[in-house]
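The next block holds one structure in the form of structure tokens; read it before the comments.
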Amino acid sequence: MLLNHLTQEQQTSAGSGFGVGFGIALNLAHQGRIGSAGEASWGGAANTAFWIDPVSDFTTMFFTQVM
């Protein structure tokens, strides 16, 4: 679930991919942000978001509910 399943042609950005239900960070330097390669994340419509970083064993969840 946490591996990129997109080919180079399918990726919209060179720094990110898509797993089974998650966005996957592939190249954070290209994205211009900090974190770890392999980090999974997703955001919701009401400004909810989560990150799973298996390298640093770190999970973050925001349930802000702002519309």
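The values are calculated or read from the model by the stated rules, or taken from the named source; none is laboratory data. Computed from a predicted model, the values in this text were never measured in an experiment. A quick note on method: Cβ atoms are made from the backbone with ideal geometry, for glycine too, and the neighbour counts reach across all protein chains shown. For accessibility, only protein heavy atoms count, side chains too; no ligands or nucleic acids. Shrake-Rupley method; radii C 1.70, N 1.55, O 1.52, S 1.80 Å.
Some notes on this structure:
- For segment 3-50, the set of residues classified as touching a Phe, Trp or Tyr at 6+ places or on another chain (Cβ under 7 Å) and over 22 Å from F63 (Cα atoms) consists of N4, H5, L6, listed by residue number.
- Condition check for I52: touching a residue at least 24 places away in the same chain (Cβ under 8 Å), surrounded by 14 or more Cβ atoms within 10 Å (Cβ to Cβ) and in contact with a strand residue (DSSP E or B) (Cβ under 7 Å, 6 or more places away or on another chain): yes
- Selection within segment 1-11: residues that are open to solvent by less than 80 Å² (accessible area, probe 1.4 Å) and modelled with pLDDT of 85 or more. The member of this set that is nearest to Q65 (Cα to Cα) is N4.
- Residue check, F62 under 13 Å from the mean Cα position of the chain (by Cα) and open to solvent by 40 Å² or more (accessible area, probe 1.4 Å): no
- Which listed residue, of A37, A46, A14, is at pLDDT 90 or above, surrounded by 10 or more Cβ atoms within 10 Å (Cβ to Cβ) and in a loop (DSSP other than H, G, I, E, B): A46
- Count of segment 12-52 residues which are hydroxyl-bearing (S, T, Y) and farther than 23 Å from M67 by Cα: 4
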